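J.: Next up is a structure, given as structure tokens.
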Ligand code: ARG
């Protein structure tokens with residue numbers, strides 16, 4: 001049964017996660033994936049459990065989709081789709097290596113009472129490339145999602161303010177690798193992932209906390225925000241300090257084995273009651 005409001009026990013809402021069962025790097029669809037540096041399975045499980053534990057401890061409510069064998073990237077549930085209320089726009093993956101995940105995610109959403117929609121104009125990789133901050137929907141295009149698909153998503157979900165930005169660095173191929181709304185009016189950003197014009201556009205739309213290049217490559221923008229608590233990758237002290245100055249508490253977690261596939265904390269979770277942080 002779908003509950004759209006967060007319960008007092010879980011004030012920061014519900015998230016969809018996928019416990020790693022067949023997680024691996026078996027192909028290369030982004031520059032982080034290297035077939036000669038595959039993840040250590042046991043360590044990946046430990047890191048995932050630790051992330052899971054932090055989200056629960058900080059008041060997140062988790063829902064689980066089973067990991068289907070043969071789809072190693074399915075752990076990155078941010079790419080399942082984009083949810084608003086009881087509606088979800090299902091992802092249409094750019095690469096055939098991930099396309100088989102769509103049927104499993106569709107089944108999960110249908111079983112759990114969501115109205116499932118789809119795009120017809122190009123590819124769309126869900127919350128990986130589309131992030132709400134309040135009523136505004138920030139969308140990244142260029143590598144995995146198409147601009148036309150974002151427009152369809154906005155109209156399917158009744159979004160009136162769409163802010164499309166082009167991603168220009170292949171290492172930051174999804175918007176959630178370089179941009180993270182913290183509140184409806186504040187976001188973390190890696191400026192190097194955007195061209196000058198789009199960075200200005202971001203600046204006009206939301207106040208930005210800029211991260212260093214060094215922290216950006218540790219995936220520091222790939223964070224799970226639970227109120228004023230932020231769960232994010234380990235090894236980025238200057239960003240933790242910047243967050244503290246804004247009243248946020250950083251909770252670093254080691255996610256090296258997932259960064260080997262090009263993902264971290266945010267990629268491993270999908271917001272199910274998306275109110276825009
Ligand atoms: N290996 C996966 C891919 O390239 C990683 C996905 C990361 N997800 C994200 N939301 N950034 O598709």
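Every number here is computed from the coordinates shown, using simple stated rules; none is lab data. Values in this document were obtained by computation on a predicted structure and should not be read as measured data. As a convention, Cβ positions derive from the backbone with ideal geometry for all residues, glycine included, and neighbour counts pool all protein chains shown.
J.: Suppose the chain between residue 121 and residue 245 were pulled fully straight at 0.36 nm per residue; how much longer would it get relative to their current alpha carbon spacing?
T.: Extra length available between residue 121 and residue 245 comes to 40.4 nm.
J.: For the range 94-239, what's the relative contact order in percent, using C-alpha pairs closer than 8 Å and at least 6 residues apart?
T.: In percent, rounded to a whole number, it is 17.
J.: Antiparallel versus total DSSP beta bridges in the range 1-129: what percent is that, nearest 5?
T.: About 40 percent, rounded to the nearest 5.
J.: For the chain, what does the relative contact order come out to in percent, with C-alpha contacts under 8 Å and a separation of six or more?
T.: Computed value for the chain: 23 percent relative contact order.
J.: Among DSSP beta bridges whose residues both lie in the range 78-133, state the antiparallel percentage, nearest 5.
T.: Here the share of antiparallel DSSP bridges comes out near 60 percent.
J.: OK, next. Let me make sure I get this right: for the range 31-114, a, b and c are the square roots of the gyration tensor eigenvalues over alpha carbons, sorted descending. Under 1.5 in a/c it's rounded, otherwise prolate if a/b > b/c, else oblate. Which is it?
T.: Note, shape of the range 31-114 comes out oblate.
J.: For the range 121-259, evaluate the Debye formula with one uniform point scatterer on each Cα (no solvent term) and list log10 I(q)/I(0) at q = 0.10, 0.20, 0.21 Å⁻¹, rounded to two decimals.
T.: For the range 121-259, the Cα-only Debye profile gives -0.30, -1.20, -1.30.
J.: Output the relative contact order of the range 154-252, whole-number percent, from Cα pairs under 8 angstrom with separation of 6+ residues.
T.: The normalised contact order for the range 154-252 reaches 21 percent.
J.: Right, here's the next one. Between the alpha-carbon centers of the range 108-184 and the range 200-264, tell me the distance in whole angstrom.
T.: With the range 108-184 and the range 200-264 each reduced to a Cα centre, they are spaced 19 Å.
J.: Take the alpha carbon gyration tensor of the range 112-151, find the square roots of its eigenvalues, order them as a ≥ b ≥ c, and report rounded if a/c is under 1.5; if not, report prolate when a/b exceeds b/c, else oblate.
T.: Here the range 112-151 falls in the oblate category.
J.: How would you rank 242-248, 99-105, 122-128, highest first, on the average number of other Cβ atoms within 10 Å across their residues?
T.: The packing order, highest mean first, is 122-128, 99-105, 242-248.
J.: By how many nm would the segment from residue 197 to residue 212 lengthen if fully extended, with 0.36 nm per residue of separation less the alpha-carbon distance?
T.: 3.5 nm
J.: On to the next question. Classify the range 68-166 as rounded, prolate or oblate from the Cα gyration tensor: take a ≥ b ≥ c as the square roots of its eigenvalues, call it rounded if a/c is under 1.5, otherwise prolate when a/b beats b/c and oblate if not.
T.: Judged from the Cα gyration tensor, the range 68-166 comes out oblate (a/c at least 1.5, b/c at or above a/b).
J.: Reported to two decimal places, what Rg/Rh ratio describes the chain when computed on Cα atoms with Rh from the Kirkwood expression?
T.: 0.92
J.: Quick one: if you stick a label point 7 Å off each Cα along the C-beta vector at residue 62 and residue 95, how many nm between them?
T.: 2.5 nm
J.: Pick from 255, 82, 43 the residue whose mean-square fluctuation is largest in a GNM of the chain, springs joining Cα atoms under 10 Å.
T.: 43
J.: Just the number, please: percent antiparallel of the DSSP beta bridges in the range 175-263, rounded to the nearest 5.
T.: Antiparallel bridges make up about 45 percent of those DSSP assigns within the range 175-263.
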